[in-house]
Amino acid sequence: MLDIEHNQVIYSDSFVDLVEGTTEYYDKKIEKCIKNTSIKELLTGSEHHLLVAAKEMMKEDELFMKHSRIIAQEIFAIARLVEEMPNANLLFVECKVNGEKMLLIIKLNYKITPVSILEEIDGKRRIRFSSQQCLPPKSTNVEEAILINIDKNTISLIEKRFMIDGKPGYYLNEQYIKGEPQLSDKQKLSIVNKVVKKVDSEYNVFEGDPGAVVKQEMINLVMDHKPIKPMEVAKKVVEKDYNASEEVEVIMRDLGIQEDDEIVNIPISLERMSRCKLVLDDDRTIELNVEDYLNKENMMTSVDERGLTTITLSNIKEIKIK
């Protein structure tokens, strides 16, 4: 426990007892950690102190305990200097993710939670409300974590912004790990959409928004259990126009996307990805299945002599208001 409030680190003297049915909170936080779409891989030296420590920790329990305490003290030393840093627990986890040995260091930042307090004074009861620092709920995303892939010898990071020297900023990589951050899955998908839209605005490959085509291509890859490579997705979307495809590749490379880069954790659910919204100029919204939109199924558009568009939806069995 990083007790920022009292300027101390409280160490655990034993490991969590992994009894079946008692580890739900830990399991959920581990899942929230490894499926986070903001994970960034860092470029570091092969002998980075965290990589060395992680390998040592895998050898025996005593070394695991020793290095977890050292890392906790190092993180505490910089975290306590950050404005409004809450108390936190550090969870050190040895696990395998897709068959690869990992060390996860998950920082669980405490949240201010209202609590009810029953008091009795001079024989009279009263109930009052107070605030208390508690661990974050199991369903919330992990805000900070260091993910060390021991088999690949890599370090990845989930960061949270805090007020530093009067302005919002990051501290965990800049002041502790000091690696060169790569793009997160969320950033990669954002780049795909922005580049495809920019190139389409120049070459007019599509009628309508090409973002729907990006969604459809990603859905196809997910359903076929194929890797999602941003470069391939972007080029596939505009492949009808050779010049547009070439332009996409140049821009993607300029923005740091390479052929072998992958999106591992898709930032949106498959259900949301399969839907698209048509937002009209008067703020009316029509939500459709992406495939229906692209194939113009059950929908027809026409433009009158004034340049105004009419959208007609067909084959409607029932209308519900939500």
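The values are calculated or read from the model by the stated rules, or taken from the named source; none is laboratory data. All figures in this text were calculated on a predicted structure; none of them were measured in a lab. Positions of Cβ are backbone-derived with ideal geometry, glycine not excepted, and every protein chain shown enters the neighbour counts. For accessibility, only protein heavy atoms count, side chains too; no ligands or nucleic acids. Shrake-Rupley method; radii C 1.70, N 1.55, O 1.52, S 1.80 Å.
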Cβ-Cβ cut-off under 10 Å around residue 182, Lys and Arg +1, Asp and Glu -1: the net charge is -1
Ranking 139, 90, 199 by how far each Cα lies towards the positive end of the charge dipole of the chain (+1 on Lys and Arg Cβ, -1 on Asp and Glu Cβ), the top one is 139
So the carbon and sulfur contribution to the accessible area of region 188-304, 1.4 Å probe, in percent, is 46 percent
Computed about the Cα centre, the charge dipole of the chain from +1 Lys/Arg and -1 Asp/Glu charges at the Cβ has a magnitude in debye, to the nearest 20, of 860 debye
Tilt, helix 61-79 to longest principal axis of the chain (alpha-carbon atoms), in degrees rounded to tens, equals 70 degrees
If each part is reduced to its alpha-carbon centroid, region 261-286 and region 24-93 end up apart, in Å, by 34 Å
Of the convex hull enclosing the alpha-carbon atoms of the chain, the direction-averaged projected area in nm² is 26.4 nm²
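With N set to the number of residues, divide the alpha-carbon radius of gyration of region 20-68 by 2.2 N^0.38 Å and report two decimals.
Normalised Rg, Cα atoms only: 1.48.
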Helix 24-34 sits off the longest principal axis of the Cα atoms of the chain, rounded to the nearest 10 on a 0 to 90 degree scale, by 50 degrees
Any lysines whose Cα falls less than 27 Å from that of residue 111, other than same-chain ones fewer than 8 residues away, would be 28, 29, 32, 35, 40, 138, 160, 167, 186
Scaled by the rule-of-thumb 2.2 N^0.38 Å, the alpha carbon Rg for region 174-255 gives a ratio of 1.21
Using alpha-carbon positions, the gyration tensor of region 1-111 gives root eigenvalues a ≥ b ≥ c; with a/c under 1.5 called rounded, otherwise prolate if a/b exceeds b/c, else oblate, the class is rounded
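Just the number please: accessible area per residue for region 253-322, 1.4 Å probe, all protein chains included, in Å².
Here the per-residue accessible area is 82 Å².
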Residue 173 neighbourhood, Cβ < 11 Å, K/R = +1, D/E = -1, net charge -2
The summed charge of the residue 9 Cβ neighbourhood (under 15 Å; Lys/Arg +1, Asp/Glu -1) stands at 0
Output for region 23-101: trypsin sites (Lys or Arg not before Pro) sitting in coil per DSSP, at most 15 other Cβ within 10 Å, listed by number, reads 35, 59, 80
